[in-house]
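Down below is the structure, laid out as structure tokens.
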Amino acid sequence: MSDVVKCLFFSEFHTTAGPKITYQHPESFALKEAFDLAYEYIITKPQLYDRLMTVRVMDYVIMGCPQGITDKKYDRNTLIFNFGFVFDKNCDTAPFESVVRKLGATFTIYELENGFLSDSVRREKLPMILDQLFTQLNEHGSCSLPIDDVNTLNLKITPTIAPPPLAYAHQVPIFVCSAEDMEATKVDLTLQQIVPYIDGFNHILKISQESDVDVGIVSLCVQHLVAYGYLKLISIFQYCNVYVPTPSIRRLLDDATLQTNCLEYVAISGCIPKLKDVFQLYCSLEPGLTVKDLCYRHEPSRLGIDERFYAVGYNNGH
């Protein structure tokens, strides 16, 4: 990852100095002016404790989750602190929200357990912690950082996933990976029920009927599998459909793995057809020529090729 996080800082309410930046990394980053303009949203009133706060100030976005712990042992009976993240003003900060929340909540627990932040010796580790967080999050998108003998801080940036596309009853799901590679199918009982009927030919309504699962549930499962890259949705097979090959059809001649998968998929009754015949059939597709006309002209079943052979090409962008 590039340096998405421009600066990390630890701020707190000092009994005499008021809101202040106690530690930051990199130390050379010019943060004070932006902090002075936005400190009311960083070191906040009690009503905003444990709330995710995002402030656009100057050319930056500052994100934090202010924390407050009430106890008589603290000056003014309250310890107020915040770990702040600084980003460029146009940065998508959504993937960092869970990290910022967890960081604040975790150090609240450390403080309650052993006084990590209020103990003058323990808190000397904070500059090193900020340094490691800054480096690991920017380079790897995650971090695993030992805090002491018993505690380890684990954080991971959550990528933003686009909302899954709607899956309609007439659409046909087709795998873009092996169903055996999907860990979810090993623990999700509903997926175990519907996956055997996802063959690149059955539409969602038929999958629902065959698996005896409500069509709305099947659609929802398919939506999420599409969103995570396990499935694609293709049009239902009709003899009136028209398809045309793209230049990437040449991959079928060069990619041995694709050849094997394609021939196994289009074979009738396990009888593997010749690659030459399959390739010629794909190349015969043209504008205005329906699947019905193509089948009349070339009789793919006589060559041992399923008439729904187009699905492999559609799936692989041919």
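The values are calculated or read from the model by the stated rules, or taken from the named source; none is laboratory data. Just so it is clear, the structure is predicted and the values come from calculations on it, not from any experiment. Don't worry about glycine lacking a Cβ; one is built from the backbone with ideal geometry, like all the others, and counts go over all protein chains shown. For the accessible areas, the whole protein counts, side chains as well, though only heavy atoms, and no ligand, DNA or RNA atoms are used. Shrake-Rupley method; radii C 1.70, N 1.55, O 1.52, S 1.80 Å.
Structure values in brief
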| item | result |
| --- | --- |
| Cα pair distances of the chain binned at 20 Å [whole percent] | 25, 33, 28, 13, 1 |
| Normalised convex hull volume, segment 117-163, alpha-carbon set, Å³ per residue | 95 |
| Additional length obtainable on full extension of the chain from His298 to Lys73, 0.36 nm per residue less Cα span | 72.3 nm |
| Solvent-accessible area of Glu40 with every protein chain in place, 1.4 Å probe, in Å² to the nearest 10 | 110 |
| Extension reserve of the Gln280-Val121 stretch, reckoned as 0.36 nm per residue once the Cα distance is removed | 49.7 nm |
| Dipole-positive endmost among Ile268, Val291, Ser118 within the chain (Cβ charges, Cα centre) | Val291 |
| Within the chain: Cβ-based charge dipole about Cα centre, in debye rounded to nearest 20 (Lys, Arg +1; Asp, Glu -1) | 440 |
| Heavy-atom SASA rank of Val213, Val244 (probe 1.4 Å, accessible area, largest first) | Val244, Val213 |
| Selection from Thr22, Pro164, Asn82, by position along the positive dipole direction of the chain (Cβ) | Pro164 |
| Segment 114-219: mean projected area of Cα convex hull, nm² | 10.8 |
| HN-Hα J in Hz across segment 32-42 - Karplus 6.51, -1.76, 1.60, θ = phi - 60°, x for Gly and Pro | 4, 5, 5, 5, 4, 7, 10, 4, 5, 9, 10 |
| Theoretical gain in end-to-end length, Tyr228 to Leu166 [0.36 nm per residue, Cα-Cα removed] | 21.0 nm |
| Simple label model, 7 Å out from Cα along Cβ direction - Thr15 to Lys32, nm | 2.5 |
| Approximate shape of segment 212-291 as ellipsoid semi-axes (Cα gyration tensor, √5λ), whole Å, largest first | 28, 17, 14 |
| Student exercise, segment 1-151 dipole from Lys, Arg, Asp, Glu Cβ charges, in Debye to nearest 20 | 420 |
| Probe 1.4 Å, accessible area per residue of segment 1-126, Å² | 53 |
| Under Karplus coefficients 6.51, -1.76 and 1.60, residue-wise ³J(HN,Hα) of segment 294-309 in Hz, glycine/proline x | 4, 5, 5, 6, 10, 6, x, 4, 5, 8, x, 10, 5, 5, 9, 4 |
| Heavy-atom accessible surface of segment 1-66: percent carbon and sulfur, 1.4 Å | 49 |
| At 0.890 mPa s and 25 °C, Stokes D of segment 65-117 from Kirkwood alpha-carbon radius, µm² per second | 198 |
